[in-house]
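Peer 1: Submitted below is the structure of interest, expressed as structure tokens.
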Amino acid sequence: MKERNDVGGAAGEVSITTTLVRTIGLVGLTLVLALLIRFVPFLSHGVQWVAGTSAWQGLYSLFGIDTSLGREQLILIGIMLCCFIVALGLQTALTYVMLRLKR
């Protein structure tokens, strides 16, 4: 049987508290970004522009969405997914910078 050489070992493990704080921070940052899209006019105009593109209209037909409620739900899913991805990138960058500053 091969022995595994752990790079981080026990010192590289992340505590439950750290994971919980990061998760709460990620959810909070996602909600803040969603609020910015709601209340900053040029961001909401950007969402309207994206929702009007032919690629986005193709998503409606791909998923078989015919009702206005279904269209609104797909737009909301897109907004939240984009906010989550941006928040995850920001959190990852912030975590990287904080780890670099600790050293």
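The values are calculated or read from the model by the stated rules, or taken from the named source; none is laboratory data. Computed from a predicted structure; not experimentally measured. With ideal geometry, Cβ positions are generated from the backbone for all residues, glycine too; neighbour counts draw on all protein chains shown.
Peer 1: Starting from residues that are free of Cβ contacts under 8 Å to residues at least 40 places away in the same chain and aliphatic (A, V, I, L, M), keep the ones in segment 33-58 and report whichever is surrounded by the fewest Cβ atoms within 10 Å (Cβ to Cβ).
Peer 2: Ranking the candidates gives Ala55 first.
Peer 1: Which count do you get for residues in segment 40-92 that are closer than 30 Å to Leu20 by Cβ and of a type in the set (Ser, Thr, Tyr)?
Peer 2: Matching residues across segment 40-92 total 1.
Peer 1: Here is a list: Val47, Val32. Which entry is at pLDDT below 95 and in a helix (DSSP H, G or I)?
Peer 2: Val47
Peer 1: For segment 59-103, which residues satisfy the criterion of being surrounded by fewer than 12 Cβ atoms within 10 Å (Cβ to Cβ) and either on the phi > 0 side of the Ramachandran plot or not in a helix (DSSP H, G or I) (or both)?
Peer 2: Gly64, Asp66, Thr67, Arg103
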